[in-house]
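Written out below as structure tokens is the structure these notes cover.
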Amino acid sequence: MSAREAEKIIVTQKYFFKKLAVDFDRTLFSTAEEFPNVGKPKLIHRIVAAYVRRKSEQGWVIILNTMREKGKGLEKAIEACEKWNIPIDYYNENPQADIDHWGDSRKIGATRSIDDTQVGLIGWLLRTFG
């Protein structure tokens, strides 16, 4: 399901569409020496990017959940995702259907999330090899 399709959902007590929130720095790309530049993706980052692409193909809504903001590096993150063909539906925001149902929150609501600070195998792999 695309972001546009998700927004067309009539919000009821039972609406469901799967969402993946993914971090940017050290999760999709390595950290560059000078912020807000973007480092090159290493193998682990390419694996995460492939997973994001697969979930998008399966109809998941993809949300980039990053500390980068407009005017503070977000534009470079968007450029990098486009260059490496990483599909992102939303940047640091929830789909409108979620906002309508739950209210506008800074917290990103997602079925699953990927971040280099997570506990578990993926977090460890990103911290160790990213």
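The values are calculated or read from the model by the stated rules, or taken from the named source; none is laboratory data. As the structure is a prediction and not an experimental result, all values here were calculated from the model. Backbone-built Cβ (ideal geometry, glycine too); neighbour counts: all protein chains shown.
Take the residues of segment 81-130 that are of a type in the set (Phe, Trp, Tyr) and modelled with pLDDT under 90: which is farthest from LEU43 (Cα to Cα)? The extreme case among them is TRP102.
When you check LYS72 against the structure, is it surrounded by 15 or more Cβ atoms within 10 Å (Cβ to Cβ), basic (Lys, Arg), at pLDDT 85 or above and more than 13 Å from the chain's Cα centre (by Cα), yes or no?
No: the conditions fail for LYS72.
Counting only residues that are touching a Ser or Thr at 6+ places or on another chain (Cβ under 9 Å) and either part of a helix (DSSP H, G or I) or among the charged types (D, E, K, R) (or both), segment 102-121 holds 2 of them. Note on segment 60-69: residues that are surrounded by 14 or more Cβ atoms within 10 Å (Cβ to Cβ) and either part of a strand (DSSP E or B) or of a type in the set (Val, Ile, Thr) (or both) total 5. When restricted to residues that are under 16 Å from THR128 (Cβ atoms), under 16 Å from the mean Cα position of the chain (by Cα), hydrophobic (A, V, I, L, M, F, W, C) and surrounded by fewer than 21 Cβ atoms within 10 Å (Cβ to Cβ), segment 21-59 contains 2.
Residues checked against (1) at pLDDT 85 or above; (2) within 15 Å of CYS81 (Cβ to Cβ):
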{"position": "GLN13", "(1), (2)": "no, no"}
{"position": "ASP25", "(1), (2)": "yes, yes"}
{"position": "HIS45", "(1), (2)": "yes, yes"}
{"position": "ALA50", "(1), (2)": "yes, yes"}
{"position": "GLN58", "(1), (2)": "yes, no"}
{"position": "THR66", "(1), (2)": "yes, yes"}
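Screening GLU93 against (1) within 12 Å of the chain's Cα centre (by Cα); (2) in a helix (DSSP H, G or I); (3) among the acidic types (Asp, Glu) leaves a single unmet condition, (2).
In segment 99-116, what residues are surrounded by 13 or more Cβ atoms within 10 Å (Cβ to Cβ), under 20 Å from GLN58 (Cα atoms) and in contact with a helix residue (DSSP H, G or I) (Cβ under 9 Å, 6 or more places away or on another chain)?
Step one: list which residues in segment 99-116 are surrounded by 13 or more Cβ atoms within 10 Å (Cβ to Cβ), which gives 99-101, 108-111, 113-116.
From what is left, the residues that are under 20 Å from GLN58 (Cα atoms) are 109-111, 113-114.
Correct list: GLY109, ILE114.
A residue that is closer than 19 Å to THR128 by Cβ and of a type in the set (Gly, Ala, Ser) cannot be found anywhere in segment 64-77.
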